[in-house]
1. Got a sec to turn the phi values of the range 43-58 into Karplus ³J(HN,Hα) couplings, 6.51 cos²θ - 1.76 cosθ + 1.60 with θ = phi - 60°, whole Hz, x for Gly and Pro?
2. Tell me, what HN-Hα J-couplings in whole Hz come from the Karplus equation 6.51 cos²θ - 1.76 cosθ + 1.60 at θ = phi - 60° for each residue of the range 23-31, using x for Gly and Pro?
3. For the range 141-146, just list the computed ³J(HN,Hα) in residue order, Karplus coefficients 6.51, -1.76 and 1.60, θ = phi - 60°, integers in Hz, with x standing in for Gly and Pro.
4. R0 = 30 Å: FRET efficiency of Lys127 with Met1, Cβ-based, nearest 0.05?
5. If you build the Cα gyration tensor of the range 1-83 and take the root of 5 times each eigenvalue, what three semi-axes come out, in whole angstrom, biggest first?
6. Give, rounded to the nearest 20 debye, the magnitude of the charge dipole that the chain has about its Cα centre when Lys and Arg contribute +1 at Cβ and Asp and Glu contribute -1 at Cβ.
7. Loop by DSSP (not H, G, I, E, B), at most 13 other beta-carbon atoms within 10 Å: where is the longest site-free stretch of the chain for GluC sites (Glu not before Pro)?
8. Figure the gain on full extension for Lys138 and Glu24 (residue separation times 0.36 nm, minus the Cα-Cα span) and round it to one decimal in nm.
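Throughout, read-outs are computed from the coordinates displayed, never taken from laboratory work. Because the structure is predicted, anything quoted here is derived from the model rather than measured. FYI the Cβ positions are ideal-geometry reconstructions off the backbone, even for glycines, and counts take in every protein chain you see.
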Amino acid sequence: MTKNNNKEFTSFICDILENEQFLETKKDLHHGTSKYEHSIRVAKLSYRLGKFFKADLRGVTRAGLLHDFFLGTRKEKPENSYLRHPVTASNNAKKYFNVSEKEAEDIKTHMFHHVLLKKIFPFINYKEKVSIKEFKPKSKEGWIICLSDLLVSIMECERFQFTYVANVTLLLIMNIVLFKN
Ligand SMILES: [Fe+2]
Ligand SMILES: [Fe+2]
């Protein structure tokens, strides 16, 4: 990132980076890194893609940074689960940073790739119900955050490739066995 872009990027998010509640995300492990670092990577990529696609840069950067703003792991509480944490993060972003309704919606729809995956492989998080209509990104910024999260997650999980591939294979086998008819 150029010096000017870095300055602009930081100016969009400096209040969030100083917030005590947001700093708590440093304690949470996420894809083998901290949730804080993961969120900054997603915000940076959202900013870059936002520039490329001429999106609302401030909005896409802030919503990108707050997309996983929930405390604790996904397994600790039902509201932190794979498919519910976007709603929790969206509510937290409204509560602590007064984000706009549109930014809140962009946060809520960031797991759309996972929603699609669940529709193809129902065994994934089988207890949870999700609707494509509700969780489909509604704006350019929403699509950018969803794509950024997916790309950053793949990059982060690649470091744990064996476990990742083993987990996906196991899920596919269970899916075929349990839903073959
Ligand atoms: Fe997420
Ligand atoms: Fe994420």
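1. These are the phi-based 3J(HN,Hα) values: 5, 5, 5, 4, 4, 4, 5, x, 5, 4, 8, 6, 8, 6, 5, 5 Hz.
2. 5, 4, 5, 5, 7, 8, 7, 8, 6
3. 5, x, 5, 5, 5, 4
4. Result of the calculation: an efficiency of 0.15.
5. Working: eigenvalues 121, 36, 23 Å².
Three semi-axes, in Å: 25, 13, 11.
6. Here the size comes out at about 460 debye.
7. With a cap of 13 other Cβ atoms within 10 Å, the longest stretch comes to 19-75.
8. On the way: separation 114, 0.36 × 114 = 41.04 nm, distance 2.94 nm.
Length difference between fully extended and current span is 38.1 nm.
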